[in-house]
1. Looking at region 61-74 only, could you name the residues that are free of Cβ contacts under 8 Å to residues at least 24 places away in the same chain and more than 20 Å from I47 (Cα to Cα)?
2. From the list A37, A55, A60, A13, exactly one residue is surrounded by 14 or more Cβ atoms within 10 Å (Cβ to Cβ) and either modelled with pLDDT of 70 or more or part of a helix (DSSP H, G or I) (or both). Which is it?
3. Pull up region 40-52, narrow it to residues that are among the hydrophobic types (A, V, I, L, M, F, W, C) and in a helix (DSSP H, G or I), then point me to the one that is surrounded by the most Cβ atoms within 10 Å (Cβ to Cβ).
Amino acid sequence: MDVPIMVLRRVRASLARLRGSLRRRQCDRDILEELEAHIQMQTDANIRDGMAPQAARRAALLASGGIQQALEQYRDWSSNRYLDRLVDRWDCVVWKWSRKLRQS
């Protein structure tokens with residue numbers, strides 16, 4: 001039986017989001033390390049292009065859009081919206097089910 005690739009991708013993304021919500025501190029450290037590595041690579045490239053080290057770092061930070069903004073975007077993407085929707089759907093199902101039981 002062939003499982004469509006899109007289904008596998010959604011399952012993998014869902015598991016990553018769940019893992020991210022359960023291991024928030026570790027994921028925050030991981031993303032901060034990744035962002036810092038990218039900023040450092042851009043800083044090094046700017047220095048090779050002739051910029052002063054402080055100006056090169058500032059330009060790299062501006063080009064990245066800021067560390068805190070990227071971290072917030074990652075947090076929004078990784079877990080909150082997904083889990084909130086899941087909880088909202090579950091609450092709706094439980095509410096409808098309990099309402100039907102009371103009417104019976």
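The values are calculated or read from the model by the stated rules, or taken from the named source; none is laboratory data. Here the structure is a predicted model, which means the values were calculated and not measured. In this analysis, Cβ positions are derived from the backbone assuming ideal geometry, glycine residues included, and neighbour counts consider all displayed protein chains.
1. Matches in region 61-74: Q68, Q69, E72, Q73.
2. Among A37, A55, A60, A13, only A60 is surrounded by 14 or more Cβ atoms within 10 Å (Cβ to Cβ) and either modelled with pLDDT of 70 or more or part of a helix (DSSP H, G or I) (or both).
3. Residues of region 40-52 among the hydrophobic types (A, V, I, L, M, F, W, C): 41, 45, 47, 51-52.
Keeping just the survivors that are in a helix (DSSP H, G or I) gives 41, 45, 47.
Values: M41: 11, A45: 13, I47: 15.
Among residues in region 40-52 that are among the hydrophobic types (A, V, I, L, M, F, W, C) and in a helix (DSSP H, G or I), the one surrounded by the most Cβ atoms within 10 Å (Cβ to Cβ) is I47.
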